[in-house]
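Worksheet for the structure shown next.
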Amino acid sequence: MADKIIPRALKIWLGFLFVFLLLGYGIIPSIGFGAIAGVAGGTIGAWWITPGGEPRNLDLPEPIRKLSRQIRQTPEWLPFRQVLDRNRGRRYSRSRR
């Protein structure tokens, strides 16, 4: 993965370095901000071109499965039930303009 991140990160870092210098930032902040942008952009770029996808069969640990069952069995009248329930979204009858 590093062979995908490093070349792209260097290009992005140099681009941001020159942009920050042109905007009037000092050399040290330009190097720092450019490095942060380079690492972030290189990581996102490498992730974007790497084949793969969302795993189909995800085996959750037992404590998480128990918690999930407890949340699903929570009575409707509890106030936090609506916050935790992702399937109960608000449905609007018309567009919200």
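The values are calculated or read from the model by the stated rules, or taken from the named source; none is laboratory data. Quick caveat: nothing in here was measured; it's all calculated off a predicted structure. Backbone-built Cβ (ideal geometry, glycine too); neighbour counts: all protein chains shown.
Tabulated values for the structure
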quantity: Residue tally, condition farther than 17 Å from residue 2 by Cβ and assigned to a helix (DSSP H, G or I), over segment 14-51; calculated: 19
quantity: Condition met for residue 11 (within 25 Å of the chain's Cα centre (by Cα), in a helix (DSSP H, G or I) and at pLDDT 90 or above); calculated: yes
quantity: Where a residue in segment 52-70 is at pLDDT below 80 and its partner, wherever it lies, is surrounded by 10 or more Cβ atoms within 10 Å (Cβ to Cβ) and not in a helix (DSSP H, G or I), with Cβ under 8 Å and at least six apart; calculated: 68/60
quantity: Criterion violated by residue 78 - all others in (1) at pLDDT 80 or above; (2) more than 24 Å from the chain's Cα centre (by Cα); (3) exposed (fewer than 14 other Cβ atoms within 10 Å of the Cβ); (4) aliphatic (A, V, I, L, M) satisfied; calculated: (1)
quantity: Tabulated pairs, segment 28-44, first closer than 14 Å to residue 18 by Cβ, second hydroxyl-bearing (Ser, Thr, Tyr) and surrounded by 15 or more Cβ atoms within 10 Å (Cβ to Cβ), C-beta under 7 angstrom, 6+ apart or interchain; calculated: none
